[in-house]
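Report on one structure; see the data block that follows.
The values are calculated or read from the model by the stated rules, or taken from the named source; none is laboratory data. A quick note: this is a predicted structure, and the numbers were derived from the prediction, not measured. When we count neighbours, we look across all protein chains shown, and the Cβ atoms used for this are built from the backbone with ideal geometry, even at glycine.
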Amino acid sequence: MLTKNMGWLDRSVRVVAGTALLLTGIWWLGGAQGDPAGIGISAYAIVPIVTGATSDCPGYIPFGISTRRNRGATSALDAVEASARLAIPNSPFEMTP
């Protein structure tokens, strides 16, 4: 199962970098003509493109890293309500440890 653990900036950088690597491997390093270096770079470029497109980085999972904000929120309003519930107690009695 995919765990969405990447934010929009992380995803955008990966897709742009992966696309640049793919194009570099195909055209400038001769991957289209069968050069092993170009084919290798092009094949590696698929990794950041796929992880950026799916919002899932398997390398983040063992370390518990997530660049995604508000994991449980389904909308911006849900995120604001959830943060307000965490930050503001309903009564002074709830503030005791």
### Query
Tally time: how many residues in segment 42-79 are surrounded by 12 or more Cβ atoms within 10 Å (Cβ to Cβ), over 16 Å from the mean Cα position of the chain (by Cα) and either modelled with pLDDT under 85 or aromatic (Phe, Trp, Tyr) (or both)?
4
### Query
For segment 6-19, does any single residue satisfy the condition of being at pLDDT 90 or above, surrounded by fewer than 13 Cβ atoms within 10 Å (Cβ to Cβ) and of a type in the set (Phe, Trp, Tyr)?
yes
### Query
List pairs: first in segment 8-19 and farther than 16 Å from residue 60 by Cβ, second of a type outside the set (A, V, I, L, M, F, W, C), Cβ under 6 Å, 6+ apart or cross-chain?
15/52; 17/48; 18/48
